[in-house]
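The next block holds one structure in the form of structure tokens; read it before the comments.
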Amino acid sequence: MKQSGFVDTNYSPEKEDLVCLFYVEPPEGKSLAWSAENVAGESSVGTWTDVSTAEHALSGLAPHVFSLDEESNIIKVAYPVDLFEYDNIPCILSSVAGNVFGMKAISNLRLMDIQFPEKISSKFAGPRFGIPGIRNLLKIPDRPLVGTIVKPKLGLPTEEHARVAYDAWVGGCDIVKDDENLTSQVFNPFEERVKQTLAMRKKAEAETGEMKIYMPNVTAETNEMLRRAKLVKDTGGRYVMVDIMTCGFAALQTLADADLGLVLHAHRAMHAAVTRNPRHGITMLVIAKLMRLLGMDQLHVGTFDVGKMEGGSDEIKQIAEAITLDSVDETPIRLAQNWPGQKPVFPVASGGLHPGHVEELMSRAGSDIIIQMGGGIHGHPEGTKAGSAAARQAVDAVMGGTTLAEYAKTHHELSKALEKWGT
């Protein structure tokens, strides 16, 4: 990269700058400042050599590396907002998370956070429902929502899929969802699954007196995804789920902008391919903030170091704060962010959870959480209905200030769950 003086530690970011937090590992023999110059240049106005066309470019668009921490290898880069199309997430990511990851000028690079200025964030309406809208829809004002995923992930015929959903609802679950890789396979075609499962939802609501939710997976090519979402709406559905990474950010924006009046549940399948390496890639925090901008109402964030999924409790807590609070302060792994009116996204904890985890999970995550258990419900010794009852009992115990062990003395399903899995 042609050096252009992008490093300027005397620079103070403007209010409308877009700021990125990067972890940078320079190649052997090179300094952090040298790599920072290359990262800033490649993600904006720089190129590898002098070019005659540069004299015709507009001035004032150069980025500024305004912070370099040699000890942590963390840099902060401020980009003038006019480098970007304000309402175009692919445009922004093609710059700050594009070619920079392939340069020889870095050994490893991790985009830790993006601070979106109001000129960009105000272009996005954010979630249509979010936490307050979902709680109002379900008439559940304060407790965590309890959900399950139909298991096994694949292989159930449509009628059996709908029966499993019914058992979960009447047992106590609020939510039943498809798994991330069930779309419209020959053994369980989408249209028939939606029709039969929503019919069982209606039956469960009549029997329990509670509103129940089914989240069919509409993940597909964008036009087909919209068709499936409209079919859910026309069949009486209230929710859809979508695999955010495999669909792509532009497709998510199209789905949200269609404004179908459906709650949008964001599953993060494939995220770990770009988020898991602590020295390279993009953090889940960045993806989570993009989901708030793009209008997802619910988002998988991890299990707060409980369950089977990788992710430390403090990191996940900061992600949850970034998508639920009106503003967050800067920390060593996060930039400050204000949200101009975007509703809070409902965090979802899912992955290896069972009723015995509820007490610890709620102590870390609070009550504004959707607790989803797959095997932890269907693997109950007495089946899906009992597993759902155990999950709901565990939440009720914590909400009532009672330990799971104490509550299990008078609640058979929870007792059996704790016998199998412990706490």
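Coordinate-derived values only; no laboratory data. Not measured: the values here are computed from a predicted model. Using ideal geometry, Cβ is built from the backbone for each residue, glycine included, and neighbour counts are taken over all protein chains shown.
Can you tally the net charge around L68? Count Lys and Arg as +1, Asp and Glu as -1, for every other residue whose Cβ sits under 14 Å from the Cβ of L68.
So the environment of L68 carries a net charge of -4.
When you filter the GluC sites (Glu not before Pro) in segment 271-368 for DSSP loop state and at most 14 other Cβ atoms inside 10 Å of their Cβ, you are left with E310, E330. Each of E16, E413 was scored by other Cβ atoms within 10 Å of its Cβ. Listed from fewest to most, they are E16, E413. Just in segment 348-412: which trypsin sites (Lys or Arg not before Pro) are loop by DSSP and have at most 11 other Cβ atoms within 10 Å? Sites meeting the loop and neighbour criteria: K409.
Taking a straight Cα-Cα cut-off under 16 Å and skipping sequence neighbours fewer than 8 places away in the same chain, the aspartates and glutamates within cross-link reach of K416 are E382, E406.
Can you compute the charge dipole magnitude of segment 314-380 about its Cα centre, using +1 on each Lys and Arg Cβ and -1 on each Asp and Glu Cβ, nothing else charged? Give it in debye, rounded to the nearest 20. That gives a dipole near 220 debye. Under a GNM of the chain (C-alpha, springs under 10 Å), which listed residue has the highest mean-square fluctuation: P189, P127, P144? Ranking P189, P127, P144 by mean-square fluctuation puts P189 first. For segment 299-355 versus segment 129-202, the inter-centroid distance based on Cα atoms is 24 Å.
Taking a straight Cα-Cα cut-off under 15 Å and skipping sequence neighbours fewer than 8 places away in the same chain, the aspartates and glutamates within cross-link reach of K289 are D87, D113, E118, D297, E315, E321, D326, D329, E330.
Checked against a 24 Å cut-off, the cross-linked pairs K203/K385; K233/K317; K151/K409; K177/K203; K104/K317; K30/K76 give Cα-Cα distances beyond that limit for K233/K317; K151/K409; K104/K317.
The calculated pair-distance distribution of segment 57-162 uses every alpha carbon pair, bins of 10 angstrom beginning at 0, and gives 10, 25, 21, 21, 18, 5, 0 percent. Note on the chain: GNM, Cα springs under 10 Å; of R238, R201, R279, the largest mean-square fluctuation is that of R279. Exposure proxy for T235, T403, T197: other Cβ atoms within 10 Å of each Cβ, ordered fewest to most, give T403, T235, T197.
Neighbours of E16, meaning other residues whose beta-carbon lies under 14 angstrom from its beta-carbon, give a summed charge of -1 when Lys and Arg score +1 and Asp and Glu score -1.
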